[in-house]
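> Before we start, here is the structure in question, set down as structure tokens.
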Amino acid sequence: MGSSAGIVSTMRFERPGGEHFSGYINYINRSDAMRAKHFKDWNAVKYDGYNQYMENPEKSTGIFTAGKDQLNIDARQQLRQSFEKAERNGSVMWQTVVSFDNTFLAEHGLYDPQTQEVDQQKLRIAIRTGMSRLLANEGLTASALWSASIHLNTDNIHVHIATVEPDPQREFMDFNHDGKVVQERKGYLKASTLNKFKSAVANELLNRDPELAQISSLIRDRLPAHQEPWRNLPDRQLMNYYKQIYNKLPADRRQWRYNMNGMKDLRLLLDGFASRYMQLYHKTELEAFDSQLMTEVNFREFLYGKGGIVDGRRNTTIGLPSLAESGHFSALE
């Protein structure tokens, strides 16, 4: 990662019968102070790539789940029984750590450095949103349950989440364990799952939807569709782009869309055509688009670190369409 990130998340899984699996179960219904004291006994995530804060948390809030902000004694006992059932039935335990840079939280009104108070309710809501996305992405929505706790210290506020399947649905696979081939439930999650989880947490926590909507509106709504035949454009450079593109179009007209495979070799020409057209006919809208997009790029560089985003003002990495694929430049006749 090129620079520090505002949010870092890491996940690993624990096999049933492992010390971290059993350790977590043993401390589910203990007091908050006791769980914090023995956190290292069941925490499987020793290093999250950001800071080794998990070894000695100064303070842990109470356990929360998908449906409850706090668990009473009976609820904790039920949760423990569900985790015990999951272990007996051979479920994997996924342990996830989400770390927040305190400065990042403070800048967005979620943390007060003076009082060291954090908006825990917003954190809980964001984690629930992220976990809903994670479970859906892995087909675990109907079978999995999770519990989490917020850990507070002076360096990084972080959330620890444990997820199991009381009635496991994950497929069995062969694994080599201590020189023997054993059949166990698959623990590995798709590489995209953690990224989507973190994005969902960030979007819920910081509500970037209005900013993204403004960018999309600039592309889709504020740019009028070109009505005249492209071949009649007076600019020589545009005409050169037009001729090159037209001569290389696939025979199958159904492929005449930016993202179709048949247009792969034409995308650089289409981008050049679109940029030239915008500079000539929609310069004001283009400048507004660039300004808005750079604000979003800078925000995401801090959110994910510079290694988490591809450079380029109009790159589609952050989930936005390029100008050429927006629909305004889909037809060349």
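> Provide the FRET efficiency to the nearest 0.05 for the residue 235-residue 298 pair, computing r from the beta carbons and using R0 = 41 Å.
Efficiency, rounded to the nearest 0.05: 0.80.
> Provide the net charge surrounding residue 192, with neighbours chosen by a C-beta distance below 14 Å and charges set as Lys +1, Arg +1, Asp -1, Glu -1.
Surrounding charge for residue 192 is +3.
> Which value in Å does the Kirkwood hydrodynamic radius of the range 78-146 take, with 1/r averaged over all unlike C-alpha pairs and then inverted?
Across the range 78-146, the inverse of the average 1/r is 14.4 Å.
> Taking the Cα atoms of the range 227-281, report the difference between the largest and smallest coordinate on each principal axis, in whole Å and largest first.
Computed over the Cα atoms, the extents are 29, 19, 17 Å.
> What is the distance in Å between the Cα centres of the range 243-287 and the range 136-189?
Here the two parts' Cα centres lie 45 Å apart.
> Between residue 119 and residue 265, what FRET efficiency comes out of the Förster formula 1/(1 + (r/R0)^6) with R0 = 56 Å and r the beta carbon distance, rounded to 0.05?
Using R0 = 56 Å, I get an efficiency of 0.65.
> How many nm separate the modelled label positions at residue 243 and residue 276, each set 7 Å beyond the Cα in the direction of the Cβ?
1.1
Coordinate-derived values only; no laboratory data. Just so it is clear, the structure is predicted and the values come from calculations on it, not from any experiment. Note: ideal-geometry Cβ built from the backbone for every residue, glycine included; neighbour counts use all protein chains shown.
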